[in-house]
Amino acid sequence: MNGEDIEEELCEHCGLCCKIFGDNVIPTAENLFCWIEQGRQEVLKYFFACKNDGTWKNCADLKPEELGDLITVEMRDPINHDYLCGCPFLRRLGRTRYTCGIHDIKPEMCCTYQPWIWGETYFNRCRALKKREKKSRFPS
Ligand code: SF4
Ligand code: SF4
């Protein structure tokens, strides 16, 4: 999930943080604007926006001028509108190796996620964090 270039090497790509987040991935208005500008319908279609008037709209049908009019955005199945079991962009590369299928344009919350830093996003099951803690306990 992490996207900070400087920290990217730390990530062991176990995919656990993405799995734990499930469908709680929420793009910012800026993310939506970029995806609309780039015509990324295959990404936008997984999100539904609730507008000020209470109506819901698939983000693939949103116009840039509507972005200031949104109350909330949720990740949903584009076909039946159900909640998803997990992020549809998570790709499995190997037995325990995963990657983000939209790494270059992933939501801001994924880009700023740093499970190895104490605070809101701290995630003690992060494999990179465990490796780092082990290293500090048993320096080579
Ligand atoms: S968008 Fe990418 S980084 Fe974010 S939860 Fe999904 S797979 Fe993980
Ligand atoms: S839990 Fe940690 S090691 Fe695993 S993918 Fe997330 S950031 Fe990378």
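Annotations for the structure displayed:
- Order of His103, His13 - criterion: other Cβ atoms within 10 Å of each residue's Cβ, fewest first: His103, His13
- Each stretch of four or more DSSP H residues adds -39500 (n - 2.57); spread over every residue of the chain, this sum gives -6500 deg cm²/dmol at 222 nm.
- With at most 16 other Cβ atoms within 10 Å, longest stretch of the chain clear of loop GluC sites (Glu not before Pro) (DSSP): 13-119
- Acute angle (nearest 10 degrees) that the helix 127-137 long axis makes with the longest principal axis of the chain, alpha-carbon atoms: 30
- Anisotropy class of segment 23-85 from Cα gyration tensor, a/c 1.5 cut: oblate
- With the simple model of a label 7 Å out from the Cα in the direction of the Cβ, Ile20 to His103 spans 2.1 nm.
- Scaled to the globular estimate 2.2 N^0.38 Å, the Cα spread of segment 1-134, given as radius of gyration, is 1.12.
Every read-out reported here was derived from the displayed coordinates using simple, explicitly stated rules and does not represent laboratory data. Computed from a prediction, not measured in an experiment: that's the story for all the values here. Counting neighbours? That spans all protein chains shown, and the Cβs are built from the backbone with ideal geometry, glycine included.
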